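A.B. asks: Sending over a structure as structure tokens; questions will come in a sec.
The values are calculated or read from the model by the stated rules, or taken from the named source; none is laboratory data. Predicted model, so just to flag it, every value in this text is computed and none were measured. Note: ideal-geometry Cβ built from the backbone for every residue, glycine included; neighbour counts use all protein chains shown. These area figures cover heavy atoms from the full protein model, side chains too; ligands, DNA and RNA do not enter into them. Shrake-Rupley method; radii C 1.70, N 1.55, O 1.52, S 1.80 Å.
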Amino acid sequence: CTQDRCQRLDLSGNTRKCFLTGSPDSYRNFIGKGLRFLLNVPNTEVYRNAHHSSGRFCFQSSQPLGEKITSLQISSVGQLPHHFSACNIQIIRSFHTSPSFQAAPVPLFWIIVKPAQKLFAIILGRSIRNWWKALPPNKQELFKESARKNKWKILLCVSSLGVLFVVFYFTHLEETPITGRTRLSVFGKGHFRELSQMEYDMWMEEFKSKMLPETDARYQVVERVVGHLSESNKDIPQVSALKWVIHVVDEPGVNAFVLPNGQVFVFTGLLNAVSDIHQLSFILGHEIAHAVLEHAAEKASLVHFLDFLSLIFLAMIWAICPRDSLAVVGQWIQSKLQKFMFDRPYSRTLEAEADKVGLQFAAKACVDVRASSVFWQQMELAETIQGQPKLPEWLSTHPSHENRAEHLDRLIPEALKIRESCNCPSLSGPDPRLIFKLNMQHLLESSKDQETPNSTKRDLSKPKLDFPHT
């Protein structure tokens, strides 16, 4: 056994500051300003990055970053760091290895013409409505009568149009690499190779003064992790075909992404967030899986296909609604239905697939794959401690932290078998999932002991700790 502030494309299926979802009016802010808090437990730091989506965190030793980076060695794979304790906890809010509004960019031509397409559909529908209103009542009746007489011809035309869409859909299906899942593929890979280079140039221009040198210990850690992952999975053609180039950016944002051309970007905020080499390997394996599985091109294909279909319904809405105000409401309802019934469920599917394949990548690299489940349990706990309201999963582009951890728990036994088949050294020490559970019990007991006698009893399932600002 051997991945809404400005108009910026992101071909990795990830965003930092802005992201184009297939239409110029869909952008999002990725990195908020960090807020740092101090927990009333010795040697413990709590960090918080403001973001509109969900709260997440992970353990981290309170030792200096230089010492911590030195301890992140590939040779330590399979062993749990001893500094993983209840008193060494770091809470990170708003960590997304993939953005909340995950949607791949479409080829540049369609990005430009998409607003014109929608405008044309609105004008066409509104013109039909005004034309109908301007007709005298007798001519309206004659038109209705003619439609009734030719209803079979009209039905045949509509059916033919539907058949064309169905034929187009099934003639553009392909298998996803590694998983073999059937998916729609409208655009050629050449489009995304060109746009990937454009995106790479944009990032390099923005971060040219923040790139860490190759001699930096943090750069070397990322380089060795990515190199180890790619070397361990070189039997996969999609992995060996790409040249993985490392870029470590001195930014506090907790993020990492991989462009389709193999350009890996990791922020130092992520290196400060992970607690050990296992979590870092899983996160980078997840991002590499996005690139290897070509999720950017897949998402672009779905977005373009659905948007083209929506133009027909958009024209019908503006033609049928008697007033512009009602047409605007109808258009808004249509966009929300498309988002919550197709776009976001599809994004959650891609995230789950990247988790599965990324876990396999990590297993073949002899990583302790059990740490992946712990990572998302930590994110779930962060929301609870911060008292953040939990939105239903169907409102998010990502699976909930709880469901994501459960999904990984179901995949871990298979990943352990893959790890064993690759002649990896046996995992020593207790299961990190058990350690996490014990640490959480200790944390909750500590927070309970810190309550004043006169304070009301809190629900320990949703602890609310006071974090003084630093």
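A.B. asks: Tell me the GluC sites (Glu not before Pro) within the range 188-218 that lie in a loop according to DSSP and have at most 16 other beta-carbon atoms within 10 Å.
C.D. replies: Glu214
A.B. asks: How large are Rg and Dmax for the range 405-453 when calculated on the C-alpha trace, in angstrom?
C.D. replies: Using the Cα atoms of the range 405-453, the pair Rg, Dmax is 16.8, 56 Å.
A.B. asks: Still on this structure, please answer the following. Using only the heavy atoms of the protein chains and a 1.4 Å probe, how would Met202, Met316 rank by accessible area, largest first?
C.D. replies: Output order, biggest surface exposure first: Met316, Met202.
A.B. asks: May I have the pair-distance distribution P(r) for the range 317-424, computed from all Cα-Cα distances with 10 Å bins from 0 and rounded to whole percent?
C.D. replies: 14, 30, 24, 16, 10, 5, 1
A.B. asks: Keeping all protein chains in position, work out how much accessible area Arg183 exposes to a 1.4 Å probe, and write it in Å² to the nearest 10.
C.D. replies: So the heavy atoms of Arg183 present about 10 Å² to solvent.
A.B. asks: Would you work out which of Ser209, Leu309, Ile277 lies farthest towards the positive end of the dipole of the range 208-316? Charges go on Cβ: Lys and Arg +1, Asp and Glu -1.
C.D. replies: Comparing the listed Cα positions along the dipole, Ser209 ranks first.
A.B. asks: What list of ³J(HN,Hα) values in whole Hz, one per residue of the range 115-125 in order, does the Karplus curve 6.51 cos²θ - 1.76 cosθ + 1.60 (θ = phi - 60°) give from phi, with Gly and Pro shown as x?
C.D. replies: Listing the rounded values in order: x, 5, 4, 5, 4, 4, 5, 5, 5, 4, x Hz.
A.B. asks: What is the dipole size for the range 214-327, taken about its Cα centre, with +1 at each Lys and Arg Cβ and -1 at each Asp and Glu Cβ, in debye to the nearest 20?
C.D. replies: 260 debye
A.B. asks: Another question, if that's okay. With θ set to phi - 60° and the Karplus curve 6.51 cos²θ - 1.76 cosθ + 1.60, what are the ³J(HN,Hα) couplings of the range 406-420 in order, to the nearest whole Hz, using x for Gly and Pro?
C.D. replies: In residue order, the calculated couplings are 5, 4, 5, 4, 6, 8, 4, x, 5, 5, 5, 5, 4, 4, 5 Hz.
A.B. asks: Here is a follow-up. Report the accessible area of Tyr200, computed with a 1.4 Å probe over the heavy atoms of all protein chains in place, in Å² rounded to the nearest 10.
C.D. replies: The accessible area comes out at roughly 40 Å².
A.B. asks: Number of Lys pairs in the range 105-190 with C-alpha atoms less than 23 angstrom apart, excluding same-chain neighbours closer than eight positions?
C.D. replies: 9
A.B. asks: Residue by residue through the range 209-223, what is 3J(HN,Hα) from phi via Karplus (6.51 cos²θ - 1.76 cosθ + 1.60, θ = phi - 60°)? Round to whole Hz and write x for glycine and proline.
C.D. replies: 8, 10, 6, 6, x, 5, 7, 5, 4, 5, 4, 5, 4, 4, 4
A.B. asks: Continuing with this model, one more query. Please list Lys243, Lys133, Lys114 in order of solvent-accessible area, largest first, computed with a 1.4 Å probe with all protein chains present.
C.D. replies: Lys243, Lys133, Lys114
A.B. asks: What accessible area, in Å² to the nearest ten, does a 1.4 Å probe give for Met204?
C.D. replies: 60 Å²
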